[in-house]
Amino acid sequence: MSAYSVITNRHLRAGPVVPRHIEAGDAVAMLTDRQFHVCGDDVLHALPYVDRYAGGAFVTGVYAPKRVARLRLEHPSLPLIVEPRALSSYRATAEEPFRIDIAPGELFQPSLDAALDLQVFGGGSDLAITPTGQIDTGDTAAVRAALDQANKLDRTDTLFALVLEAGWLSEEHLVKFIRAVIDRSRHPVLLTFVSSGNPIESTKRIKAYRSIFRETTGTVLAYRTDMAGFDARALGAISSAIGAYPSARRMNHIGRSGTSSDPTDLAPHELIADMLRFVRSKEMRRHWFAEAEPFACFCAVCRGGDIDRLHHSSADRAEGHMHNVVEIARLHAGTVGLNRAELAKYWSTLVTGALEAYEQLEAHIGARLGRPKDLQVWAEGIA
């Protein structure tokens, strides 16, 4: 099932639409078999394109609670989870791994348990997330302190956020430590990495990232990631949360928004689902279709428009991001209801189909294209 002319991933299929309620208070049940999207300002426009029964959204930013309150009535079947500000604005230490704010008028800092209650009952989040700060590479003491405090919580609605600098993926002993922490966690682990660019862009880090999901015995969510989220699910992650734009596919360093260094460059990174790749429309215009006709996209956003048409305005950029939401949902639809073994097999066939789609595009444009490192690693096999 393809949304494109010219290329098709012959293995990509649709899935069943199964109505389900929001499993309030049960993090594992709510995450299972859903594809989550990471949304910032785009949440006001993205939710109509999220699968209403097999999707959900993590909402980020200062105004996240207000936006969730506004959108909940319009989207009653979608889980909406507020990302704590600590994940993007606080550095964890062994003494204070969490940032717990004191509300206006309060004299004392609330307990961690009370702070999580405030997220759910005061902030409208469908799940609570520990307000863990970003953890420097190798700071195992801060990780242990966060884990010990989180494990004392007697709750089923909570995610233990593990926000690690990307350098953790560069050392095998640190990767092994991450797996051990996930194994010991009483709560599902929301795992994300901090970087100014793609935190898993090297072959070494891709393999290290994969090993976490493949070898842990704990429950883990691949958070703020890209197509690696689908790979993580095939390897054992309970779910993944993918952003429609680059800075939502990683955790940005404290004090950095993650926006482009050139604010006038409005070309969006667009997901070509059949190729399992995000690619900038500007790259398509300059390299893929410099001497060939662009292929058309028939998704609910593009409606038959050329895939490389979005490049010169804020509206174009926003439209490209909505295209990505639709494409992520389309990829997920074929995985609904699959068990672990079936999901691994299906992902393997999608990777094969993506490599075939590259060949189809090469035949169309009359030029050879390189293959992304992650696709090459995935092609080596799921196990």
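We did not get these values from a lab; they are worked out from the coordinates using the rules stated. Because the structure is a prediction, the values reported are computed rather than measured. Here the Cβ positions follow ideal geometry from the backbone for every residue, glycine too, while neighbour counts run over all protein chains shown.
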Open item on the list: Please compute, for the alpha-carbon atoms of segment 218-354, the extent along each of the three principal axes and give them in descending order in Å.
Closed with: 44, 40, 24
Task: Rough spin-label spacing in nm, given labels placed 7 Å along Cα→Cβ, for residue 70 and residue 13 - done: 4.1
- [ ] Return the long-range amide H neighbours of residue 91 (sequence gap of 5 or more, or a different chain), with a cut-off of under 5 Å between placed amide H atoms.
- [x] 134
Open item on the list: Can you tell me which of 138, 56, 122 moves the most in a GNM of the chain? Springs connect C-alpha atoms under 10 Å apart.
Closed with: 122
Open item on the list: Which of rounded, prolate or oblate describes segment 27-248 when judged by the alpha-carbon gyration tensor and an a/c cut-off of 1.5?
Closed with: oblate
Open item on the list: Could you tell me the center-to-center distance, by alpha carbons, between segment 313-332 and segment 125-176 in angstrom?
Closed with: 31
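Using only helices, what value at 222 nm comes out for the chain when you add -39,500 (n - 2.57) per DSSP H run of length 4 or more and divide by the total residues, to the nearest 500 deg cm²/dmol? It would help to have the intermediate numbers written out before the result.
Details: 12 runs with 127 residues, N = 383.
Using -39500 (n - 2.57) per qualifying helix, the result is -10000 deg cm²/dmol.
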- [ ] Rank 200, 22, 238 by mean-square fluctuation in a GNM of the chain with C-alpha springs under 10 angstrom and give only the top-ranked residue.
- [x] 22
- [ ] Pop out the ³J(HN,Hα) list for segment 94-100 in order, Karplus 6.51 cos²θ - 1.76 cosθ + 1.60 with θ = phi - 60°, rounded to Hz; leave Gly and Pro as x.
- [x] 4, 6, 9, x, 10, 9, 10
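Write out the trypsin sites (Lys or Arg not before Pro) in segment 115-181 meeting two conditions: DSSP loop, and at most 12 other Cβ atoms within 10 Å of their Cβ.
Details: sites: 144, 152, 155, 176, 179; in loops: 152, 155.
Loop-located and lightly packed - 152.
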- [ ] Would you please state the base-10 log of I(q)/I(0) at q = 0.18 1/Å for segment 1-96, with intensities from the Debye formula using one equal scatterer on every alpha carbon?
- [x] -0.91
TODO: Show the residues, 5+ positions off or on another chain, whose built amide H is closer than 5 Å to the amide H of residue 137.
DONE: 165
- [ ] Among the lysines, select those whose C-alpha is under 20 Å from the C-alpha of residue 345, and discard any that sit fewer than 8 residues away in the same chain.
- [x] 207
Task: Among (i) 27, 53, 19, 1; (ii) 27, 55, 14, 4, 0; (iii) 29, 60, 11, 0, the entry derived from the coordinates for P(r) over Cα pairs in 20 Å bins from 0, in percent - done: (iii)
Task: Within straight-line cross-link reach of residue 373, aspartates and glutamates at Cα separation under 14 Å, skipping those fewer than 8 residues along the same chain - done: 201, 226, 231
- [ ] Find which of 219, 163, 89 sits farthest along the positive direction of the dipole of segment 27-248, computed with +1 on the beta-carbon of Lys and Arg, -1 on that of Asp and Glu, about the Cα centre.
- [x] 219
Open item on the list: Quick check: residue separation of residue 217 and residue 373 times 0.36 nm, minus the Cα distance between them. What number comes out in nm?
Closed with: 53.5 nm
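Is there a quick way to get the dipole size of segment 1-125? I mean about its Cα centre, with the Cβ of Lys and Arg at +1 and of Asp and Glu at -1; what is the value in debye to the nearest 20? Can you show the working numbers first?
On the way: 12 positive and 14 negative charges, 125 e Å.
Dipole size: approximately 600 debye.
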Open item on the list: No partner Cβ under 4.7 angstrom, meaning no disulfide-compatible partner by this rule: which Cys of the chain qualify?
Closed with: 39, 299
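Please give the length that would be gained between residue 184 and residue 291 if that part of the chain were fully extended, namely 0.36 nm times their separation in residues minus their C-alpha to C-alpha distance (nm, one decimal). Walk me through the numbers on the way to the answer.
Numbers: separation 107, 0.36 × 107 = 38.52 nm, distance 5.50 nm.
The span from residue 184 to residue 291 would gain 33.0 nm if fully extended.
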- [ ] Please go through segment 126-213 and write out the GluC sites (Glu not before Pro) that DSSP classes as loop and that have at most 16 other C-beta atoms within 10 Å.
- [x] 171, 201
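Give, rounded to the nearest 20 debye, the magnitude of the charge dipole that the chain has about its Cα centre when Lys and Arg contribute +1 at Cβ and Asp and Glu contribute -1 at Cβ.
Working: 43 positive and 46 negative charges, 77 e Å.
Taking the Cα centre of the chain as origin, the dipole is about 360 debye.
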Open item on the list: With just the Cα atoms defining each centre, how far is segment 1-72 from segment 187-266? Give it in Å.
Closed with: 17
- [ ] Report, ordered by chain and residue number, the aspartates and glutamates lying within cross-link reach of residue 66, taken as a straight Cα distance under 20 Å and ignoring same-chain residues fewer than 8 apart.
- [x] 41, 42, 74, 83, 101, 117, 126
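Over segment 1-115, what is the mean sequence separation of C-alpha contacts under 8 Å (at least six apart), divided by residue count, expressed as relative contact order in percent?
17
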- [ ] Among the chymotrypsin sites (Phe, Trp or Tyr not before Pro) in segment 82-133, which ones are in a DSSP loop with at most 15 other Cβ atoms within 10 Å of the Cβ? Mind listing them?
- [x] 108
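Do you know the relative contact order of the chain, to the nearest whole percent, from alpha carbon pairs under 8 angstrom that are 6+ apart? Numbers along the way, then the final one.
Details: 744 pairs, mean separation 73.8, N = 383.
Value for the chain: 19 percent.
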